[in-house]
Amino acid sequence: MLRELNIYPLWVRRNAPVEPEAVPAPAVPVEGARPVPVTSAEPGLRQPETSSAASLSWPELKQQVRDCTACKLRAGCTQTVFGVGDEKAEWLFVGEGPGADEDAQGEPFVGQAGKLLDNMLAAIKLKRGSNVYIANIVKCRPPNNRTPEPDEIATCLPYLHRQIELIKPKLIIALGKTAATSLLGRDATLGSLRATIHDFRGVPLIVTYHPAYLLRSPAEKAKAWQDLCFAVQRMAE
């Protein structure tokens, strides 16, 4: 009920709270009346900040994502979807955000799009969980599977950045335009981003189609196969 009203829990620091200072209210122009001091909000209460993810360990990062209420997406989803796979993987696949199946199971790419992704991995002799990590730009399911809004992406992206720092992949595969433009920090068409080696903080990044798009447009699977072959060649080099 609180989530539906966009009322989120506040976080209390572990150290003892500091007594708030009294802030005098403006004088009340009534004879014989005295102004009542108004206290400021307790400084020990704050919302979690995703920017603090930069120094977290794996357990700390997972806990912060699980407890995150930093944007409005958390109010409408069942649970956060952190990511899955080999935490020292050479291959990192990044999608857009969780769908209904992912929201229910707490794991990315488990629906029909996930089955297609598994087939794509098998085609280049890879397997989910073995030298492969799978994550999303946002950790919560957007309502009706809509595209995440810019502020939602900006709030959640530090979590993915920290995952990338911890994994240290040799290659990132951005699945779809949202994943690609969010990581690269610029808007462009998917077609213009394909077949090129991009750089994400020193890590090579290749862009291809999102499996959900390929389910709707199977004719594009040939291009996705070209992208995967390009990625295999890059890893071989």
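Throughout, read-outs are computed from the coordinates displayed, never taken from laboratory work. Since this is a predicted model, take the numbers as computed values, not measurements. Note that each Cβ is placed from the backbone with ideal geometry, even for glycine, and that neighbours are counted across all protein chains shown.
Structure above, values below:
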item	result
Every residue from the range 89-120 that is touching a Leu at 6+ places or on another chain (Cβ under 9 Å) and either surrounded by fewer than 17 Cβ atoms within 10 Å (Cβ to Cβ) or hydrophobic (A, V, I, L, M, F, W, C) (or both)	GLU90, TRP91, LEU92, PHE93, VAL94, PHE109, GLN112, ALA113, LEU116, LEU117, MET120
Residues of the range 67-96 satisfying the condition of being over 17 Å from ILE172 (Cβ atoms) and in contact with a strand residue (DSSP E or B) (Cβ under 7 Å, 6 or more places away or on another chain)	VAL81
Residue among LEU160, LEU205 that alone is touching a Lys or Arg at 6+ places or on another chain (Cβ under 9 Å), among the aliphatic types (A, V, I, L, M) and within 23 Å of ALA53 (Cα to Cα)	LEU160
Residue tally, condition in contact with a His (Cβ under 9 Å, 6 or more places away or on another chain) and not in a loop (DSSP other than H, G, I, E, B), over the range 87-111	1
One residue from THR189, THR196 being under 29 Å from ALA54 (Cβ atoms) and of a type in the set (Ser, Thr, Tyr)	THR196
Enumeration of residues in the range 134-150 that are assigned to a helix (DSSP H, G or I) and not polar (S, T, N, Q)	PRO143, PRO150
Inter-residue pairs, beta-carbon under 8 Å, first farther than 12 Å from LEU171 by Cα and in the range 217-237, second surrounded by fewer than 14 Cβ atoms within 10 Å (Cβ to Cβ) and of a type in the set (A, V, I, L, M), 6+ apart	TRP225/ALA123; GLN226/ALA195; ASP227/ALA195; CYS229/ILE124
Qualifying residue in the range 176-195 (condition: within 25 Å of CYS68 (Cα to Cα), of a type outside the set (Ser, Thr, Tyr) and touching a Cys at 6+ places or on another chain (Cβ under 9 Å))	no
